[in-house]
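Only one structure is covered here, and it is reproduced in the block below.
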Amino acid sequence: MAPSRTSTVTATRIAGVTPTSFGPAVALSCRECGQRVELGPTYACESCFGPLEVAYEFGPVTREQIEAGPQNIWRYAPLLPVSADVASRPNLNPGFTKLVHAENLGRELGIRKLHVKDDSGNPTHSFKDRVVAIAVEAARTFGFTTLSCSSTGNLAGAVGAAAARAGLRSCVFIPSDLEAGKVVTAAVYGGELVAIEGTYDQVNRFCSELIGDPAGEDWGFVNVNLRPYYGEGSKTLAYEIAEQLGWKLPEQIVIPIASGSQLTKIDKGFRELIALGLVEDAPYKIFGAQATGCSPVSAAWKSGQDVIRPVKPDTIAKSLAIGNPADGPYVLDVCKRTGGAVEDVNDTEVVEAMKLLARTEGIFGETAGGVTVGCLRKLIAAGTLDPDAETVVLNTGDGLKTLDAVTPTTGPTATIRPTLESFRKAGLA
């Protein structure tokens, strides 16, 4: 396949990229045929059209070296496609969020050792800050002037904030029916926010067309032409969880599925830690979680099929509303290999789980968090998860971004007059 105009122009721009620009990364490797190509702003194999991901040659890395690093994802710079001095450049420094020992939630669900990895503590209150941070470094290296993405909400905000901090222009694209909170938190950073009438999958296809057009010549699309680097940011969740558990892997982990990249990259991170001798080679099970209104991966899992059939999303969990998830088949592979499973929950169960997490642990997660906690509860009830195994569940964003989901059923316990008599009559004494 002949290179596109964009890739030809970019090849000239990145001619000065040095071997150290991407740290231990040495190439892009096709996940289907294994063919390797030079590091560059490309995302599909020219031989088989399979997705490309970053391949490494790691040097020696010790726990002590990591622990001496900054309290953010750059402590794992020796394991990422970034230069050694990445922490010295202007960026949002995401990561190293709390791993909460969720005793109350575990007691209610009947799980002995349960932890919540709460990524709502990132700069724009979602895990997307991790992946964007890596993509920004790649964009800088390739000389891109505009940072862009297609987004279901959280990514748009993360790109807008990261671009503002890095001194780059941003122009991001979203479906026009997103939650108001996510629209505001994407627009506030001063970049261009473009709402498109259509689903996320249609927005994503538009961005792919823009990449091949002269109008997008100097643009870095974090989840398209920068996708191999962007995806590596999700590995930092795996690294942090293992380090925060005392340098060991969880026996079980429940991860939300949108494109599926986060789940596959957490698995990649676990395998890298094992290969480097940073954790013991112990078995772990990975479980995927979807909303029933957009659950093509769960449907494939339950029917025993390897093919993901695209769907039109219809769910309150809009951050997971990707009807044709690019990494869906790889999610199935990971869950099969590790002995996990894929589950889904309906909108009512999502809201109930959001409230359960808030009531038991004081964590107000967004709808995606309701999906993971809801699926966790469902998997435990079905006997699919081991209640005695150490388990981690992910909350990937802040509930303040998805207030619409809980507003209809959440409000004052009572409305009273400012008197003790009124207080007592309301049964609150």
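Normalised by the number of residues in region 340-429, the average gap of Cα pairs under 8 Å and 6 or more apart makes the relative contact order 25 percent. Within the full protein context, the accessible area of R359 is estimated at about 150 Å² for a probe radius of 1.4 Å. For region 214-297, the equivalent ellipsoid derived from the Cα gyration tensor has semi-axes of 28, 19, 8 Å, listed largest first. Taking the Cα centre of region 161-272 as reference, the dipole from Cβ charges on Lys and Arg (+1) and Asp and Glu (-1) amounts to some 340 debye.
Accessible area per residue for the chain in Å², computed with a 1.4 Å probe and the full protein assembly in place, what is it? Intermediate results must be reported in sequence, preceding the final value.
Working: 17530 Å² over 429 residues.
Counting only protein heavy atoms, the per-residue value for the chain is 41 Å².
Treating only the Cβ atoms of Lys and Arg (+1) and Asp and Glu (-1) as charged, compute the dipole magnitude of the chain about its Cα centre; round to the nearest 20 debye. Don't jump to the answer; show the numbers that get you there.
Details: 40 positive and 48 negative charges, 104 e Å.
It works out to roughly 500 debye.
Expressed as a whole percent, the accessible area of the chain that falls on carbon and sulfur atoms is 52 (1.4 Å probe). Among A358, T413, T391, which residue has its Cα positioned farthest towards the positive end of the charge dipole of region 350-429, with +1 placed on the Cβ of Lys and Arg, -1 on the Cβ of Asp and Glu, and the dipole taken about the Cα centre? Final value for the positive-end residue is T413. Among residues other than T292 with Cβ under 11 Å from its Cβ, the summed charge is -4 (Lys and Arg +1, Asp and Glu -1).
In whole Å, what is the distance between the alpha-carbon centres of region 378-400 and region 92-107? Answer, in whole Å: 13. For the chain, the antiparallel share of DSSP beta bridges with both residues in that region comes to about 30%. Principal axis extents of the Cα atoms in the chain, from largest to smallest and rounded to whole angstrom, are 78, 47, 46. Projecting the Cα atoms of Y330, G181, G231 onto the dipole axis of the chain, where Lys and Arg carry +1 and Asp and Glu carry -1 at the beta carbon, places G181 farthest toward the positive end.
Beyond 17 Å, the tail of the calculated P(r) for region 379-429 holds 67 percent of the Cα pairs. For the Cα trace of region 125-264, dividing Rg by the Kirkwood Rh returns an Rg/Rh value of 0.99. Using bins of 10 Å that start at zero, the share of Cα-Cα pairs per bin across region 93-134 amounts to 31, 36, 24, 9, in whole %. On a per residue basis, the convex hull of the C-alpha atoms belonging to region 256-376 measures out at 102 Å³. For region 117-202, the Cβ-based charge dipole about the Cα centre amounts to some 360 debye (Lys, Arg positive; Asp, Glu negative; other atoms uncharged). Each principal axis of the Cα atoms in region 305-351 has its own extent, and those three values, largest first, are 31, 20, 17 angstrom.
Report the local net charge at K401: Lys and Arg +1, Asp and Glu -1, summed over other residues whose C-beta lies under 9 Å from its C-beta. Show your work: numbers first, answer last.
Numbers: positive: K182; negative: E179, E366, D398.
Neighbourhood net charge equals -2.
The values are calculated or read from the model by the stated rules, or taken from the named source; none is laboratory data. From a predicted model like this one, the values you see are computed outputs, not experimental measurements. Positions of Cβ are generated from backbone atoms using ideal geometry, with glycine treated the same way; all protein chains shown enter the neighbour counts. For the accessible areas, the whole protein counts, side chains as well, though only heavy atoms, and no ligand, DNA or RNA atoms are used. Shrake-Rupley method; radii C 1.70, N 1.55, O 1.52, S 1.80 Å.
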